[in-house]
1. Looking at segment 42-60, is at least one residue within 23 Å of residue 107 (Cβ to Cβ) and in a helix (DSSP H, G or I)?
2. Just to be sure before I move on: is residue 158 surrounded by fewer than 18 Cβ atoms within 10 Å (Cβ to Cβ), hydrophobic (A, V, I, L, M, F, W, C) and in contact (Cβ under 8 Å) with a residue 24 or more places away in the chain in the structure I sent?
3. Residues in segment 272-284: is at least one aliphatic (A, V, I, L, M) and within 22 Å of residue 170 (Cα to Cα)?
4. Let me spell it out: the conditions are (1) out of contact with any Lys or Arg (no Cβ under 9 Å at 6 or more places or on another chain); (2) in a helix (DSSP H, G or I); (3) of a type outside the set (Gly, Ala, Ser); (4) not assigned by TED's automatic domain parsing to the domain that holds residue 122, and residue 271 meets all of them except one. Which number is the exception?
5. Could you list, in sequence order, all residues of segment 70-84 that are buried (at least 16 other Cβ atoms within 10 Å of the Cβ) and either touching a strand residue (DSSP E or B) at 6+ places or on another chain (Cβ under 8 Å) or under 18 Å from residue 104 (Cα atoms) (or both)?
6. Need the failing condition index for residue 165 against (1) within 27 Å of residue 72 (Cβ to Cβ); (2) buried (at least 24 other Cβ atoms within 10 Å of the Cβ); (3) free of Cβ contacts under 8 Å to residues at least 40 places away in the same chain, just the number.
Amino acid sequence: MSHAFHPELKYQIALTMAPAIGPITARKLISEAGSARAVFQLKKASLQKIQNIGPRLSESISSSALLEKAEKELAFLERHHISALYFEDVAYPKRLKECEDAPILLYAKGGDGLNTRRALSVVGTRKASSYGKELCRSIVLDLASMLNDLVIVSGLAFGIDVMAHRAALEGGIPTVAVLGHGLTTLYPRSHRETAKKICGQGALVTDFHSGMGPERNNFLRRNRIIAGMTEATLVVESASSGGALITAHMASSYHRDVLAVPGRATDERSKGCNRLIKKNVAAMVEGAEDVINHLNWMDDVIHTNKLDPEKISFSREEKTLLELMTLHGGVGPGELSHHSGLPIQKVLSLLTEMELKRWITLEPGNQYHSQIILT
């Protein structure tokens with residue numbers, strides 16, 4: 001996206017870089033002056049007359065250094081094909097725009113999923129159990145197969161966050177990762193490949209300019225965007241404190257729905273979820289159907305299979321088994337082994353993996369059916 005013919009953008013960026021000026025104060029300045037550019041054209045005396053703008057803030061806004069930094073940021077955006085979304089732009093996330101403390105400017109790499117019909121945040125502990133990760137994956141995949149125009153939003157962190165993103169990618173729906181740093185880096189680095197896929201099937205989003213690293217306080221600021229971008233926040237495993245609970249309470253403060261998956265009373269990774277449910281902050285959900293019913297998304301449910309074989313990368317053995325199921329209808333493991341020439345143990349292993357991926361279903365009589373139509 002070229003920003004060359006957007007004369008206001010430099011001033012919008014500069015305003016976000018001004019020390020001690022947050023989104024609420026920035027909005028007030030823009031409202032008083034008429035635009036971001038007009039803010040920088042005001043004299044110091046006029047700036048100081050605006051409520052909460054004293055000599056120190058008016059001095060920083062009047063500094064030429066801010067505009068110089070903004071020009072460098074503009075060059076960075078152009079070089080790396082990053083979009084800058086102003087809070088009055090049509091492309092700015094519409095739900096986030098409703099929050100009074102939403103950032104006035106967002107940076108986005110990729111562009112899908114910012115204004116879908118339905119949007120759900122999925123967050124949880126970084127130290128997720130195998131059960132929590134598989135349940136998260138199952139819920140997201142089921143939602144992806146049941147709903148049109150849905151985006152999954154999370155924070156690309158270890159554990160539940162990255163599982164939610166990967167499940168959305170697997171299910172063929174957009175996913176948005178909200179970052180706690182600028183787009184010159186990626187944290188955690190081990191999620192770089194997932195981030196690349198997200199850029200092609202969603203977006204990386206941040207309100208931090210390129211010079212900002214992954215500092216601890218940044219992630220608290222990041223959580224409000226995760227909460228504000230969606231209709232609801234789903235918590236899958238959370239200890240009694242942590243970022244997921246902060247995001248849940250932020251969502252509640254924005255009058256958004258909060259959902260939580262319950263866990264065992266003795267499980268430290270479930271104490272946060274259980275408390276949200278016990279205090280009536282969150283509705284209890286056990287699967288995708290509960291999410292849909294609680295959020296009144298029933299009218300959006302589709303009844304066709306959304307698995308697109310052109311978007312799935314099959315191994316040779318997987319494709320062989322799927323072709324046999326398509327040809328014969330319900331097929332047992334022994335028949336699959338006989339017709340494919342694969343050892344029975346290999347077939348059983350493949351069937352387990354394919355069932356987890358929702359490519360096949362197991363019907364009564366130990367018969368496997370393909371959920372993907374191969375042509």
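1. Here is the first cut: in segment 42-60, the residues within 23 Å of residue 107 (Cβ to Cβ) are 60.
In the following step, the residues that additionally are in a helix (DSSP H, G or I) were identified as 60.
Yes.
2. Numbers: surrounded by fewer than 18 Cβ atoms within 10 Å (Cβ to Cβ): yes; hydrophobic (A, V, I, L, M, F, W, C): yes; in contact (Cβ under 8 Å) with a residue 24 or more places away in the chain: yes.
Spelling it out, residue 158 is indeed surrounded by fewer than 18 Cβ atoms within 10 Å (Cβ to Cβ), hydrophobic (A, V, I, L, M, F, W, C) and in contact (Cβ under 8 Å) with a residue 24 or more places away in the chain.
3. Quick first cut of segment 272-284, residues aliphatic (A, V, I, L, M) only: 276-277, 281-284.
Checking the rest, the ones that are also within 22 Å of residue 170 (Cα to Cα) come to none.
No: zero hits.
4. (4)
5. The first filter runs over segment 70-84 and keeps only residues buried (at least 16 other Cβ atoms within 10 Å of the Cβ), leaving 70, 73-74, 76-77, 82-84.
Hits for segment 70-84 are 70, 73, 74, 77, 82, 83, 84.
6. (1)
Residue by residue, here is whether (1) surrounded by 13 or more Cβ atoms within 10 Å (Cβ to Cβ); (2) under 21 Å from residue 171 (Cα atoms) holds:
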residue	(1), (2)
328	yes, no
331	yes, no
335	yes, no
342	yes, no
347	yes, no
352	no, yes
366	no, no
371	yes, yes
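So that you can scan it fast, the table gives a plain yes or no per residue for (1) assigned by TED's automatic domain parsing to the domain that holds residue 282; (2) over 17 Å from the mean Cα position of the chain (by Cα); (3) part of a helix (DSSP H, G or I); (4) under 30 Å from residue 272 (Cα atoms):
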| residue | (1), (2), (3), (4) |
| --- | --- |
| 65 | no, yes, yes, no |
| 88 | no, yes, no, no |
| 100 | no, yes, no, yes |
| 108 | no, no, no, no |
| 127 | yes, yes, no, yes |
| 135 | yes, yes, yes, yes |
| 141 | yes, no, yes, yes |
| 153 | yes, no, no, yes |
| 177 | yes, no, no, yes |
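The values are calculated or read from the model by the stated rules, or taken from the named source; none is laboratory data. Keep in mind it's a predicted model, so treat the numbers as computed, not measured. For neighbour counting, all protein chains shown are included, and Cβ atoms are generated from backbone atoms with ideal geometry for every residue, glycine included.
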